[in-house]
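In what follows, a single structure is set out as structure tokens and then discussed.
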Amino acid sequence: MIDKALQLYNFNNPNAELIRHNENMTYKITDGMKSYVMRIHKSIEGFNLDLLRLNIDKTDLIANEMEILQFLDSQGNLLTQKVKHSACGQSVALLDDKTPVTVLDWVEGLTIENIDLTPEIAFNLGTMIGKLHNTLTQFPPSNRYHYDSTLLSRMIDEASKALTQKHFTKQQAKTIKDTLLCIKEYLAHAEDRFIIVHTDLGKSNIIHQNNALIPIDFSLSGYCIPEMDLASAFAHINDDTLNQEILKGYESISKHKLDNTAINICFCLQILLFIICQHNKFASESWFQDNLVRWCDNYFTPLISRQY
């Protein structure tokens, strides 16, 4: 597949190195003095985002992701990856079996999981998220994921299936469903605040380059409240002092007023998206079961009890 994918682009003497295979096959392509990220959008077995996608065509979603990157680049408010078009001028190329392929410029630097996070970097992370939201507010309506009350209904149904498969205990399933209902209720009354957000600002998706922070991998981006990205960052940073600096940085530049309750709600939603989308893959593993107990006790039960 990689050989056929490379033939779709005007490379001279490319060398491909597999980086990872999760939702897609991700390669670093080195061609002379230039480097790129190539993604062959074929997920590993057991990784399924159909719950999120609903009836939106996968190729349309990927094409729209490329449009978001090109829009961010055109606005010049923050650094982003640039899209490399195929030999036929397409932002999304297709293999013979219709598997989509995309190529982006490689961003030099270290992901923030590989550096010491300081209060200054955390503050800058907050301003980066604020600039991102300010810019994406201007992006026209498009085919993206919707992290809304309708999705929460589908997640509740999937939680019932997981209980039938004995991936959750009865008590865990009840706690998860009650938490999803709580989040659903909140989001149903907050859709007037929805914008396109990244949704996946983990440490591996933020590059530190010459004191600048660059968000990468917008594949899960979609419509939700702004707090979704703050919650994503908080969940991965997991340090109260640094999280407060992120918040200060965000509020110093963002046009969006934050609701602390919503940050807690989105924090739980981030965890639940992982649980619901991945339970078939990880339910038999002890770390998953151990974390289910911790997530229910430390996050979901307090949210249901309004102890946030």
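The values are calculated or read from the model by the stated rules, or taken from the named source; none is laboratory data. Everything quoted here is computed from the prediction, not taken from an experiment. Glycine also receives a Cβ, built like all others from the backbone with ideal geometry; neighbour counts cover every protein chain displayed.
Quick grid of which residues meet (1) among the polar types (S, T, N, Q); (2) within 21 Å of the chain's Cα centre (by Cα):
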| position | (1), (2) |
| --- | --- |
| N64 | yes, yes |
| Q70 | yes, yes |
| D73 | no, yes |
| T80 | yes, yes |
| K84 | no, no |
| A87 | no, no |
| S91 | yes, yes |
| L95 | no, no |
| E113 | no, yes |
(message) Just to verify a result, which residue in the range 60-85, among those that are part of a helix (DSSP H, G or I) and of a type in the set (A, V, I, L, M), is surrounded by the fewest Cβ atoms within 10 Å (Cβ to Cβ)?
(response) A63
(message) With the requirement that a residue be modelled with pLDDT under 95, over 11 Å from G202 (Cα atoms) and part of a helix (DSSP H, G or I), what does the range 230-242 give you?
(response) D240
(request) Evaluate the range 15-24: report whether one residue or more is surrounded by fewer than 16 Cβ atoms within 10 Å (Cβ to Cβ) and either touching a residue at least 60 places away in the same chain (Cβ under 8 Å) or in contact with a His (Cβ under 6 Å, 6 or more places away or on another chain) (or both). (result) no
(request) For the range 107-122, name all the residues that are assigned to a helix (DSSP H, G or I) and either touching a Lys or Arg at 6+ places or on another chain (Cβ under 6 Å) or among the small types (G, A, S) (or both). (result) I112, E113, A122
(message) Condition (residue is in contact with a helix residue (DSSP H, G or I) (Cβ under 7 Å, 6 or more places away or on another chain) and more than 20 Å from L72 (Cα to Cα)) applied to the range 191-203: is it met by at least one residue?
(response) yes
(request) Take the residues in the range 1-59 that are hydroxyl-bearing (S, T, Y) and either assigned to a strand (DSSP E or B) or modelled with pLDDT of 95 or more (or both), then tell me which one is farthest from R154 (Cα to Cα). (result) T30
(message) Give me the residue from the range 220-242 that is polar (S, T, N, Q) and surrounded by fewer than 20 Cβ atoms within 10 Å (Cβ to Cβ) and, out of that set, nearest to L61 (Cα to Cα).
(response) N238
(request) List the number of the failed condition for L54; all other conditions in (1) within 23 Å of Q270 (Cβ to Cβ); (2) in contact with an Asp or Glu (Cβ under 7 Å, 6 or more places away or on another chain) hold. (result) (2)
(request) Go through I196, I129 for me and flag whichever is in a strand (DSSP E or B) and assigned by TED's automatic domain parsing to the domain that holds N264. (result) I196
(message) Contact list please: Cβ distance under 8 Å, first residue in the range 164-183 and closer than 20 Å to S286 by Cβ, second residue hydroxyl-bearing (S, T, Y) and at pLDDT 95 or above, pairs at least six apart or on different chains.
(response) A173/S160; T175/T301
(request) Determine which single condition S219 fails, assuming it passes every other condition in (1) at pLDDT below 95; (2) in a helix (DSSP H, G or I). (result) (2)
(message) For the range 255-308, which positions are in contact (Cβ under 8 Å) with a residue 12 or more places away in the chain, of a type in the set (G, A, S) and assigned to a loop (DSSP other than H, G, I, E, B)?
(response) A283
